[in-house]
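Throughout, read-outs are computed from the coordinates displayed, never taken from laboratory work. Just so we're clear, the structure is a prediction, and the values are computed from it rather than from any experiment. Here the Cβ positions follow ideal geometry from the backbone for every residue, glycine too, while neighbour counts run over all protein chains shown.
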Amino acid sequence: MSGSFGENGHSRRLEGRVAIVTGGSSGIGRGVVLRLAEEGARVVVSDLREEPRRGKYHEVDTVIPTAEVVWQGGGEATFVRADVASDDELEQLISGTVERYGGLDILVNNAGIHIPGTSESLSIEDWDRVMRVNLRALFVATKIALPHLRRSGRGRIIHIASVHAYGGGAGPAYAPAKAAVVNLARDTAIEAGRDRVTVNVICPGYIETAIQDYLTQEQIDGVSARTPLPRLGLPSDIAAACAFFASDDAEWITGASLVIDGGFIAPV
Ligand SMILES: NC(=O)c1ccc[n+]([C@@H]2O[C@H](COP(=O)([O-])OP(=O)(O)OC[C@H]3O[C@@H](n4cnc5c(N)ncnc54)[C@H](O)[C@@H]3O)[C@@H](O)[C@H]2O)c1
């Protein structure tokens, strides 16, 4: 996922908007940044690290930082280092963005982690860590960003959850955190609607990113074979929906969650 910026001829629905994408250096977040920027948004790429994660199976050769790809394609993006597990760093990220660009229109809460383990093997510290990054941080970012998004008049919050919001199998922290994100969005949607802020969730299936390094090649092949549209997803599959939720085309959609998984969870 590099070098394709600007070549796809997408419409520029997000001209003049300012977006923050957490976890924007790699994987799905990187795909989302590239798409929002292609559609005209100025994007703050926020992450623990500027260099993209390179996976065992996917994004093996991805090296150019996301913001650099955007600039090369004629768009505007800035990297800001921030750990979403730190309330102070989230505060600085959001207030710094508003100072620099004069406002905030789109917040994509994408940063997330998966720590493998079962109820017996996962440590309580690791359970807390997954909850902090995958759930608590989304609340904190929402809390800090909402006043700015209300001022936008077309504010957007988009959370990246998972198909594991609807089923177990990803461990005792990841699946409950992702399920809670779906309901967090519904709750925020109710309180933010009067100011035309929408809050929606995308629930990806298995997407080709470095987060899958904990799987074996056989498991990855098995997922692909079991998927009605028989391939793994790409960051661009998620990014397209994210740009839609961010645009005026989705102005009357809020509290929704959209599964994008090639049909993976369709079978009973
Ligand atoms: N890839 C999949 O199959 C898949 C499926 C469903 C959901 N998701 C979700 O999509 C989101 C993105 O996952 P991905 O597959 O792109 O993962 P990834 O590991 O490729 O990228 C995640 C990015 O988030 C950053 N990050 C991690 N912890 C952070 C923190 N505390 N603060 C700031 N940045 C942090 C990482 O540095 C990395 O750049 C996650 O929320 C994940 O749970 C992924």
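Computed 3J(HN,Hα) for the range 131-139, one whole-Hz value per residue from the Karplus formula 6.51 cos²θ - 1.76 cosθ + 1.60 where θ = phi - 60°, is 5, 5, 7, 8, 10, 4, 4, 5, 5, glycine and proline marked x. Taking trypsin sites (Lys or Arg not before Pro) across the range 188-268, none is in a DSSP loop with at most 11 further Cβ atoms lying within 10 angstrom of its Cβ.
What the phi angles of the range 87-100 give under the Karplus curve with 6.51, -1.76 and 1.60, with θ = phi - 60°, is a coupling list of 4, 5, 5, 5, 4, 5, 4, 6, 5, x, 5, 5, 4, 6 Hz, glycine and proline written as x.
Taking N as the residue count of the range 18-260, its C-alpha radius of gyration divided by 2.2 N^0.38 Å amounts to 0.95. The GluC sites (Glu not before Pro) of the range 64-131 meeting both criteria, a DSSP state outside H, G, I, E and B (loop) and at most 12 other C-beta atoms within 10 angstrom of the site's C-beta, are GLU120. The simple spin-label model puts a point 7 Å past each Cα toward its Cβ; for ARG186 and ASP249 those points are separated by 2.6 nm.
With a Förster radius of 22 Å applied to the C-beta separation of GLN92 and GLU68, the computed FRET efficiency comes to 0.45.
Pick out, in residue order, every one of the chymotrypsin sites (Phe, Trp or Tyr not before Pro) in the range 186-263 that is DSSP loop and has at most 13 other C-beta atoms within 10 Å; say none if there are none.
TRP252
Using unit Cβ charges (K, R positive; D, E negative) and no other charged atoms, how large, in debye to the nearest 20, is the dipole of the range 18-260 about its Cα centre?
Working: 23 positive and 31 negative charges, 99 e Å.
About 480 debye.
Amide H contacts for ILE207 (H built 1.01 Å from N in the peptide plane; partners 5 or more residues away or on another chain; cut-off under 5 Å): GLY233.
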